[in-house]
Amino acid sequence: MSVRATIVSQFEVVAGEQQRRLAPLTDDLKLLQSGLDSLSFAIIVARLEDELGFDPFNAEEAVEFPVTFGDFVRLYENSAG
Amino acid sequence: MWLWGAMCADGQVPAGAFHGSTTVVRLAALTGASSLDGRLEELRGRTVLIATKDQLTAALALIELDGVARRIVLCPPDLAAAYFPGVIETAGADAWVRDDAVPEENGAGLGVEVKAQPALVATSVNRQRSHETEWILLTSGTTGAPKLVLHTLGTLTSVILYQQARRPAASNAPVWSTFYDIRRYGGLQIFLRAALRGGSLVLSDPKESITDFLARASAAGITHISGTPSHWRRALMSGATATIAPVYVRLSGEIADQAILDNLKLAYPNSGVAHAFASTEAGVAFEVGDGLAGFPATLVGAAGGAVDLKVADGTLHIRSGGNALRYLGEQFAPIRGADGFVDTGDRVDLREGRYHFMGRAGGVINVGGLKVHPEEVEAVINAIPWVRMSLVKARRNPITGAVVTAEVVLADETDVAGERPQGAELTREIIEACRRGLPAHKVPAMVRIVPSLEVSAAGKLVRPSA
């Protein structure tokens, strides 16, 4: 599964578990308007680390926090690089 | 000292305003108006539960009741109905202030009920101090039931007053804001910083988006703002941090790592960015403004300040006038040790002249500023018939500092024939069981089925030290 597909799948699973209505995951969707809260993002990042084997937030240098869904996917794709 | 008296120092009426998400209250109006349905005098000398959903209503009740009530018990907005009877009994409450969003049944047995609202109603009020009011804060205990922590206005403000006495008041009064709820220690400190000087405060609202909150804070002209690292990460993710231009940005309630400090310095290059350490029991320990994670080792053992720090058995200990006095209830050990220090339970490690926080001793997990006791989560998991035992731990997380994870050992299949789900259903059912019995931040983010867990010679689960 591609990095993007893995991320999309985790967003959907966690939204279901947290009983939150997920907005359509377009690249320009603002993360905070996706329907998920901080705890949901925390769970997504933890599970993605298990699935993909890395956590891009835990890099040596401070990463710029993603604002849109597209930023979020790119952050992972670039780290997978 | 009492709060209204301090707000009216030198005979001035307070100049500030408190901003809720829908209502703004000018503090000066409290001289001839009240949010307590004209019934303030009925609460004089009583032990009063403040249980409102709305923060502004709670803030006004605190201002009105300090010096009037014998004791005020500050209930967090998410206090579960099941815990009310225990809190009422332990505190000896005989009255309460609630709003429409809190069910009447929660206050069963309380003689006096006052329905409060964030809007003030003109009435004659006798703002006279008659009591040295005790302030009771709630903090989470290992069983999930809250522990009641006894403070006074004196203990809660000791570090604030020490600092204010040493820093000249700014010519323009600060306008404070906080992402925190003021019913928790970190938020209450901000409430008091604002209120003591009759200043202004912009309160958050869980129903409001972060973008809207920051826009409202900006419109109110905020100069000082505080939140946990998790709050600030969320603010950075909103893309709306530029909405405000504070002179002072504060982090507390969780470990501030270098990444979040760097990110905030980038977002607010002209602001002072400081991280503070405090706990409900130990009070405020320090504030560090040098942009680096951790705190200088020179603070430990330093004499002459408002707060004494020491490191013993690997954890930070605090002794100051800001320490809580004790827990209410017979069953708890004293908060302060024989030498007057409070063990925060936060483990620190000395590296190159700085102490760095390493997480909690005793395994308490901090998820976005909210405490989780592993035992409480394990109890829910262990109640599932086909589970033998479980171990709940923290896992580091860049969004909320930590998330909860669980390792679970299943009971022998022969003992639970037919009941036990299979495959992925197993972990899903465990998470579902936790979701039914626990608030969201305590539900494990991931569950791993393991063949066994290490048990010590004393028969206890071996818990990770970090």
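Quick note: the coordinates plus some simple rules give every number you see, no bench work behind them. Computed from a prediction, not measured in an experiment: that's the story for all the values here. Cβ coordinates were reconstructed from backbone atoms using ideal geometry, including for glycine residues, and neighbour counts include every protein chain displayed.
Computed over Cα pairs, the Kirkwood radius of the range B:9-114 leads via Stokes-Einstein (1.567 mPa s, 4 °C) to a diffusion coefficient of 90 µm² per second. Partner aspartates and glutamates whose Cα lies under 14 Å from the Cα of B:LYS310, excluding those fewer than 8 positions away in the same chain, are identified as B:ASP339, B:ASP343, B:ASP346, B:ASP349. Net charge dipole, the protein assembly as shown: roughly 1280 debye, given to the nearest 20, about the Cα centre with Cβ charges of +1 for Lys and Arg and -1 for Asp and Glu. Compute the acute angle (0 to 90°) between the alpha-carbon long axis of helix B:185-196 and the principal axis of greatest extent of the alpha-carbon atoms of chain B; round to the nearest 10°. That helix lies at roughly 10 degrees to the long axis.
For the range B:59-145, the set of GluC sites (Glu not before Pro) satisfying both a DSSP loop assignment and a count of at most 15 other C-beta atoms within 10 Å is given as B:GLU132. Count Lys and Arg as plus one, Asp and Glu as minus one, and take only other residues whose Cβ is under 13 Å from that of B:GLU432; the net charge is then 0.
Contact order, relative form, for chain B: 11 percent (alpha carbon pairs under 8 Å, 6 or more residues apart, mean separation divided by residue count). Both radii were evaluated on the Cα set of the protein assembly as shown; the Rg over Rh quotient, with Rh as the Kirkwood radius, amounts to 0.96. Estimated translational diffusion coefficient (Stokes-Einstein, Kirkwood radius over Cα pairs, 4 °C, 1.567 mPa s) of the range B:194-320: 81 µm² per second. With contacts taken as Cα pairs under 8 Å and at least 6 residues apart, the range B:254-363 reaches a relative contact order of 23 percent. Under the convention that each Lys and Arg Cβ holds +1 and each Asp and Glu Cβ holds -1, the size of the dipole of the range B:110-174 around its Cα centre is about 220 debye. What shape does the range B:117-271 take by its C-alpha gyration tensor, where a ≥ b ≥ c are the square roots of the eigenvalues and a/c under 1.5 counts as rounded, a/b above b/c as prolate, and the rest as oblate? Prolate shape, in that a/c is at least 1.5 and a/b is the bigger ratio. The residue among B:THR47, B:ALA101, B:VAL25 whose Cα reaches farthest toward the positive pole of the charge dipole of the range B:23-155, with charges on the beta-carbon of Lys, Arg, Asp and Glu, is B:VAL25. In the protein assembly as shown, the calculated helix contribution to ellipticity at 222 nm averages -8000 deg cm²/dmol per residue, counting -39,500 (n - 2.57) for every DSSP H run with n ≥ 4.
Distant-in-sequence amide contacts of B:MET389, defined by a placed amide H-H separation under 5 Å and a gap of 5 or more residues or a different chain, comprise B:VAL409. Using a/c under 1.5 as the rounded threshold, could you call chain B rounded, prolate or oblate? The axes a ≥ b ≥ c are square roots of the C-alpha gyration tensor eigenvalues, and prolate needs a/b larger than b/c, oblate otherwise. Verdict is prolate for chain B.
Can you give the charge dipole size of chain B about its Cα centre, rounded to the nearest 20 debye, using +1 on the beta carbon of Lys and Arg and -1 on the beta carbon of Asp and Glu?
Numbers: 45 positive and 47 negative charges, 220 e Å.
Here the size comes out at about 1060 debye.
Antiparallel DSSP bridges in the protein assembly as shown: what percent, to the nearest 5? Show your work: numbers first, answer last.
Working: 50 of 87 bridges.
Roughly 55 percent of the DSSP beta bridges within the protein assembly as shown come out antiparallel.
Starting from the amide H of B:ARG326, placed 1.01 Å from N in the peptide plane, find each other amide H under 5 Å away whose residue is 5 or more places distant or on another chain. Amide H to amide H, under 5 Å and 5 or more residues apart or across chains, B:ARG326 pairs with B:LEU150.
Restricting attention to the range B:3-347, close to 45% of DSSP beta bridges with both partner residues there are antiparallel.
In sequence order, the range B:207-214 has phi-based couplings of 7, 9, 5, 5, 5, 5, 4, 5 Hz under the Karplus curve 6.51 cos²θ - 1.76 cosθ + 1.60, θ = phi - 60°, and Gly or Pro positions carry x. Overall, the anisotropy analysis places the range B:150-232 in the oblate class: the square-rooted eigenvalues a ≥ b ≥ c of its C-alpha gyration tensor yield a/c not less than 1.5, with a/b not exceeding b/c. Shown here for the range B:268-365: chymotrypsin sites (Phe, Trp or Tyr not before Pro) in loop regions (DSSP other than H, G, I, E, B) with at most 13 other Cβ atoms within 10 Å, namely B:PHE332.
Model label points for B:GLU287 and B:ALA119, set 7 angstrom from Cα along the Cα-to-Cβ axis, are 3.6 nm apart. In the range B:284-399, the ratio of gyration radius to Kirkwood radius, Rg to Rh, stands at 1.04 when only Cα atoms are counted. Close amide-amide hydrogen proximity is noted between B:VAL24 and no other residue 5 or more places distant or on a separate chain, at a cut-off under 5 Å (H modeled in the peptide plane; Pro and chain starts excluded).
Between A:PRO66, A:PRO56, A:PRO24, the GNM of chain A built on Cα springs shorter than 10 angstrom shows A:PRO24 fluctuating the most. When the C-alpha to C-alpha distance is required to be over 27 Å, the pairs from B:LYS115/B:LYS442; A:LYS30/B:LYS265; B:LYS147/B:LYS265; B:LYS53/B:LYS265; B:LYS207/B:LYS393; B:LYS147/B:LYS442 that qualify are B:LYS115/B:LYS442; B:LYS147/B:LYS265; B:LYS53/B:LYS265; B:LYS207/B:LYS393.
Across the range B:425-433, coupling constants 3J(HN,Hα) worked out from phi with the 6.51/-1.76/1.60 Karplus curve, θ = phi - 60°, read 4, 4, 5, 5, 5, 5, 5, 4, 4 Hz, and Gly and Pro carry x.
The loop-placed trypsin sites (Lys or Arg not before Pro) in the range B:162-209, going by DSSP, that have at most 16 neighbouring Cβ atoms within 10 Å of their Cβ come out as B:LYS207. Computed extension length for B:PHE332-B:ARG463: 44.9 nm, one decimal, from 0.36 nm per residue of separation with the Cα-Cα distance subtracted.
With θ taken as phi - 60° and the Karplus curve 6.51 cos²θ - 1.76 cosθ + 1.60 applied, the whole-hertz 3J(HN,Hα) list for the range B:256-267 is 8, 8, 4, 4, 6, 5, 5, 4, 6, 5, 5, 6 Hz, x standing for glycine and proline.
Rounded to the nearest 5, the antiparallel percentage of DSSP beta bridges internal to the range B:364-449 is 75%.
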